[in-house]
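The values are calculated or read from the model by the stated rules, or taken from the named source; none is laboratory data. These numbers were taken from a predicted model, which means no experiment stands behind them. Glycine gets a Cβ as well: all are built from the backbone with ideal geometry, and neighbour counts include every protein chain shown.
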Amino acid sequence: MTALIDRQDNSVSTSVYRDWPVALGLSLATAILIVLPFFWLGNASGHDFAFHAASWIDVAGQWKEGIVFPRWAESANHGFGEPRFIFYPPLSWLLGAGLLFVAPWNHVPAILIVVVQTFAGLSAFALARKLVAKKRGAFFAAVLYAANPYALLLIYMRSDFAEQLAMAFFPLLVVAIFQITGTIENRSGSRQRAITFFAVMFAVIWLSNAPAGVLASYSAALLFVWAAVTQKSWRILGYGAGALALGFGLAGFYLVPAAYEQSWVKISQALSSGLLPSQNFLYATIEDPEHNLFNWIASSTAILMILLTGISAIAAHRITLLARADNRGSLSHSRAWSALFLLAAAATLLMLRRTSILWLVLPKLRFVQFPWRWMSILAVPFTCFLSIVVARRRLGWIWAVIILAVSAGAATWLIQHAWWDWDDIPVLQEGVARDEGYEGTDEYDPVGDDHYNLPERAPRVRVLRAVQPKSMAARATIRIDRWAAEEKKVRVTTPEPVQLALRLLNYPSWRVEVNGVALAPERPEDTNQMIVPVPAGESYVHVKFIRTLDRTLGGAMSILSVFILGALWFSGISKRG
């Protein structure tokens, strides 16, 4: 009997290992199909394309300076800089910058999309193979999730590479939640290991995209509460709370500085006109035709996904009932489908104006900005429900043909209405190479500054004015010893005291020293440009971006969480043994 069981286990294991290469091939082929237009039309230059491409170029340049993990965007605001990398999650700009070193710059967006969507397909396959009895359903899930309508909207119209990256991890997050709650089989045999898996996935989502992190937080909390109520086990809430806390801790090196230093920048600009949730519910309109056109496109995409999810959910429910009646289904699978339906319903409702009060009272939900972003969560049940329907023996192939035709039609329409350009990256690259930089971001502009008043071609250092007669300033000599992203060294020789205007914005993380003595820099009336007074004679000005206490605490939190993660993981292994 033992030998028979071992042979069965080996057979299952071999089958699983054979399935993954097939899922990989299907996901990769789908991702390549998605980017084929990039090779003859150029890059899809959506809303956020310039922001992400500029970040990649800036980070790649700082790596050449020896800065492993940038915090200050050196070339933003045409060389005055901004603390972009403190507030914007790091994974997407690290991935994009890394690809710049291994591929032609103009092809990096397409390559990044292929990498991310291939992984997204594998992520969906990992979830579907636990819920869908037949392989073809799980394989279809890989294809469908890699090319789901919202992903296509992000790729062709939004160019939001960070949200696209975060979305690739959502199915794995759901796998971890279902394992923690006992909704699906946990092959590791240990809840501790499931908690560690959840914490890593949750942290990765936050480190990819902050709005996606908010969506993941509320979605996970909803599923944990639902499992606790339906299973009448309050212990599940404890497991869920611990898993969430560990996930937040792992991302602490980013989250703590990003939260603490918000008072140092104009973060409220992230909710300026056009970016408010109240202006972006389904089919909402404002006095901006371009905004209304895109919101119509996003809303129509959402309606398409909602309808397909609803129809397939009804069909999946009937299939599940029949499977249970024939003793081919399980109670845990029924719980999984119920949880997915709840998740789909919540995502749908939160895209509607009737839930506007929730957007006002729920913490940080308003920073998601666009209610239609809940499509990234809806895409998971959308994929799972459609996959179980496609897996049917009868009529499954008809569903597959219809769904693929709808996806292909949506992709074709988006491709035809997207903006394509070959020149975006070369223009940004040339601007950085010429030391002219690129435009800054409103919400990352330091307090007291108006980056629209900053000159576009300012010298790195100039004498602003002499304290004594202006003629003396003309005889001042300036030598720049070092001008890097996080350190500036300047030598000045002047017969009279003068003020130096540095092409740099004041920010609390900058430490300014003149001849070894720290001082508080000055600023002009209309911007927050750094102005440093120097005495007569030869002076040495040293400006360095230092580690503030919040960054230290965030790093310590992440390190502590890694140790806890390791302890939980190995504890799970020992219990399994």
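The set of residues in the stretch 481-502 that are outside any loop (DSSP other than H, G, I, E, B) and closer than 16 Å to Leu464 by Cα comprises Val490, Arg491, Val492, Thr493, Thr494, Val498, Gln499, Leu500, Ala501, Leu502. Restricting attention to the stretch 503-548, the residues that are basic (Lys, Arg) and farther than 17 Å from Asp449 by Cβ total 3. When you check Gly431 against the structure, is it buried (at least 16 other Cβ atoms within 10 Å of the Cβ), small (Gly, Ala, Ser) and assigned to a helix (DSSP H, G or I), yes or no? Considered against the rule, which asks whether it is buried (at least 16 other Cβ atoms within 10 Å of the Cβ), small (Gly, Ala, Ser) and assigned to a helix (DSSP H, G or I), Gly431 comes out as yes.
Looking across the stretch 386-428, the residues that are part of a helix (DSSP H, G or I) and farther than 29 Å from Phe125 by Cα come down to Gln416, His417, Asp424, Ile425, Pro426, Val427, Leu428. Ser312 meets the conditions (1) surrounded by fewer than 18 Cβ atoms within 10 Å (Cβ to Cβ); (2) under 24 Å from Phe169 (Cα atoms) in every case but one. The failed one is (1).
Return a yes/no flag: does the stretch 536-545 have any residue that is basic (Lys, Arg) and part of a strand (DSSP E or B). Yes, the stretch 536-545 has at least one match. Scanning the stretch 72-94 for residues that are small (Gly, Ala, Ser) and either surrounded by fewer than 22 Cβ atoms within 10 Å (Cβ to Cβ) or in contact with a helix residue (DSSP H, G or I) (Cβ under 7 Å, 6 or more places away or on another chain) (or both) yields a count of 4. Restricting Gly238, Gly242, Gly249 to those that are more than 25 Å from the chain's Cα centre (by Cα) and within 30 Å of Ile184 (Cα to Cα) reduces the list to Gly238.
Per the conditions (1) at pLDDT 95 or above; (2) of a type in the set (Ser, Thr, Tyr); (3) over 23 Å from the mean Cα position of the chain (by Cα), the sole criterion not satisfied by Ser233 is (1). Assess whether Thr383 counts as being in contact with a Phe, Trp or Tyr (Cβ under 6 Å, 6 or more places away or on another chain) and in a helix (DSSP H, G or I). So Thr383 passes the test.
Within the set Leu464, Leu414, Leu500, Leu454, the sole residue that is without any contact (Cβ under 8 Å) to a residue 60 or more places away in the chain and surrounded by 13 or more Cβ atoms within 10 Å (Cβ to Cβ) turns out to be Leu500. So for the stretch 535-545 (the condition being in contact with a helix residue (DSSP H, G or I) (Cβ under 6 Å, 6 or more places away or on another chain) and not aliphatic (A, V, I, L, M)), does at least one residue qualify? So far as the stretch 535-545 goes, no, none of its residues is in contact with a helix residue (DSSP H, G or I) (Cβ under 6 Å, 6 or more places away or on another chain) and not aliphatic (A, V, I, L, M).
Of all residues in the stretch 503-528, those satisfying the criterion of being within 33 Å of the chain's Cα centre (by Cα) and either in a strand (DSSP E or B) or crowded, with 18+ Cβ neighbours inside 10 Å (or both) are Arg503, Leu504, Leu505, Asn506, Tyr507, Ser509, Trp510, Arg511, Thr527, Asn528. A count restricted to the stretch 512-546 and to residues that are in contact (Cβ under 8 Å) with a residue 24 or more places away in the chain and more than 23 Å from Asp442 (Cα to Cα) stands at 19. Looking at (1) more than 30 Å from Ser509 (Cα to Cα); (2) touching a residue at least 12 places away in the same chain (Cβ under 8 Å); (3) surrounded by fewer than 22 Cβ atoms within 10 Å (Cβ to Cβ); (4) aliphatic (A, V, I, L, M), which is the only condition Val229 fails? The failed condition is (2).
Would you confirm, using the coordinates I've provided, whether Pro371 is buried (at least 24 other Cβ atoms within 10 Å of the Cβ), under 22 Å from Trp296 (Cα atoms) and not assigned by TED's automatic domain parsing to the domain that holds Ala212? Judged against the criteria, Pro371 is a match.
Residue under question is Ala227, and the condition is that it be assigned by TED's automatic domain parsing to the domain that holds Phe197, part of a helix (DSSP H, G or I) and touching a helix residue (DSSP H, G or I) at 6+ places or on another chain (Cβ under 8 Å); does it hold? Spelling it out, Ala227 is indeed assigned by TED's automatic domain parsing to the domain that holds Phe197, part of a helix (DSSP H, G or I) and touching a helix residue (DSSP H, G or I) at 6+ places or on another chain (Cβ under 8 Å).
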